[in-house]
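To start, the structure under review is shown below, and the notes come after it.
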Amino acid sequence: MSGASRPRVLVLARNYPNNVLPTLGLWTQRLVRASLAVADPTVVAPVPYAPPGVPIEAYARYRRVLHQRNDGGVTVHHPRVPAGPGVLLLSFDSYLAYPFVLRLTDRLHREWPFDLIHAHFIYPEGVMAARLGRRYGVPVLTTEQSIWEPALKRLPQVRRQVIKALPHVRLVTAVSDAVRRSFVAAVGDRVPIEILPNVVDGDAFPAPAPTEPWDPEQILFVGLVRRVKGLDVLVRAMDRLRARRPQARLVVLGGTFYPGHEQDWREVQQLVQELSLHSHIHFAGQSSPIQVAAAMRRSALLVLPSRREAFPAVLLEALASGTPVVATRCGGPEEVVTPAVGRLVPPEDPEALATAIDEMLTLRPTFDRARLREYALARYGTEAVARRFAAIYGEVLNGSRRGAVEGVLTP
């Protein structure tokens, strides 16, 4: 290892913010920043190659992504890799990207030999990382952010690549137990799996000032507008809620990253129009993290109506902002939401969702904002997750579950 206390880590992650898409993969960025307490990471975040002359903005924008930048003390590289439109060539992503990633990582390893590779998502990043790990003779771990079982059953070619790569992955980490269970169901217990949760950044989501007001009628949704996020269910819940609370308003912060999701956006807009909810629902569009944090502090509660959720980072961000939550039982939220911080309801149930929102708006003055924040940060704050990094990186490097990276966070 390059140093007794600070291993050099190559992070491989397509989902990582860049100068064009600054909110893409914020969860990965926050994990990398938490690891700075115990390691020295360098990030390789491939972006699709956009040929000159392609006028479609969804693809042309990638030409404006910087090839290299400094992100809070972390060097981030954005190599260009071939990619098909949407998921057309998904099963070939690892093969297409690997030569271009390899050209960069060979140079990086010569100049700055890394001690381990940390891939975010087993596919395609983990599959490529397994090949790189064998090439450089360093251990590999992956962090899983998604419920993998449905995708791997639907994509047998991807599953075969994952199965082939797993013997060369020393450890898989999952951001929640729901993700862990899904991964085991999809590929079995071929590799040890531990929990490494996502980070809630207490600086990015500061505590409300003692006298900072909040709007007792404002309900907040934050996230991508995709069917899996259940915004249509929340819209139908608002239709039921307006008879009980005519002044209640829903603010939607978010939009779409990819052209394939635009149909989901149009369907939600059409539903709002059909239900005549324009005066009750405001679409504020994409917002910066600072704007999101301010909206969270200003709202009475945040609602996450997802059909499936791996790790509900947005719930923890709301709690860190002193705002209680309502969410669906769809995987990750059950591991976060207790009666002390919010309510859980079944997915796909607008009536149950409306009832829970109504109850929480009534109870909102009884929630202590400081206690909500303490709950989130004690379990998922940067320091808490950095301690997990120390243990996990130590385990991967030492080949022992008792290993830990030495430093200020370990004895």
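The values are calculated or read from the model by the stated rules, or taken from the named source; none is laboratory data. The structure presented is a predicted model; accordingly, all values stated were derived computationally and were not measured. Because the Cβ atoms are built from the backbone with ideal geometry, glycine has one as well, and the counts that use them run over all protein chains shown.
At a glance:
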read-out: Every pair of residues 6+ apart whose Cβ atoms lie under 9 Å, when the first sits in region 336-356 and is among the basic types (Lys, Arg) while the second is assigned to a loop (DSSP other than H, G, I, E, B) and buried (at least 21 other Cβ atoms within 10 Å of the Cβ); value: Arg343/Pro324; Arg343/Val337
read-out: Residue under evaluation Tyr123, criteria (1) more than 25 Å from Val54 (Cβ to Cβ); (2) touching a strand residue (DSSP E or B) at 6+ places or on another chain (Cβ under 8 Å); (3) not polar (S, T, N, Q), criterion not met; value: (2)
read-out: Some residue of region 240-259 being assigned to a helix (DSSP H, G or I) and buried (at least 21 other Cβ atoms within 10 Å of the Cβ); value: yes
read-out: Residue among Gly223, Gly202 that is surrounded by 16 or more Cβ atoms within 10 Å (Cβ to Cβ), within 18 Å of Phe283 (Cα to Cα) and under 23 Å from the mean Cα position of the chain (by Cα); value: Gly223
read-out: Residue within region 140-153 that is at pLDDT 95 or above, charged (D, E, K, R), over 18 Å from Ala45 (Cβ atoms) and surrounded by fewer than 24 Cβ atoms within 10 Å (Cβ to Cβ) present; value: no
read-out: Single residue of region 201-224 satisfying the filter (among the aliphatic types (A, V, I, L, M) and modelled with pLDDT under 95) that is nearest to Ala384 (Cα to Cα); value: Ala204
read-out: 2 or more residues under 19 Å from the mean Cα position of the chain (by Cα) and closer than 30 Å to Arg307 by Cα: qualifying strands (runs of 3 or more DSSP E) within region 72-176; value: 116-120, 140-144, 171-174
read-out: Some residue of region 291-300 being outside any helix (DSSP H, G or I) and out of contact with any Asp or Glu (no Cβ under 8 Å at 6 or more places or on another chain); value: no
read-out: Hey, Val199 touching a residue at least 40 places away in the same chain (Cβ under 8 Å), out of contact with any Ser or Thr (no Cβ under 6 Å at 6 or more places or on another chain) and not acidic (Asp, Glu) or not; value: no
read-out: Only listed residue being within 18 Å of Leu363 (Cβ to Cβ) and surrounded by 22 or more Cβ atoms within 10 Å (Cβ to Cβ), chosen from Thr328, Thr338, Thr323; value: Thr323
read-out: Which numbered condition Ser276 fails, given (1) over 19 Å from Glu217 (Cα atoms); (2) outside any helix (DSSP H, G or I); (3) modelled with pLDDT of 95 or more; (4) not acidic (Asp, Glu); value: (1)
read-out: Neighbours by Cβ (under 6 Å, 6+ apart or cross-chain): first from region 1-19, closer than 17 Å to His109 by Cβ; second of a type in the set (Lys, Arg) and modelled with pLDDT of 95 or more; value: Ser2/Arg8
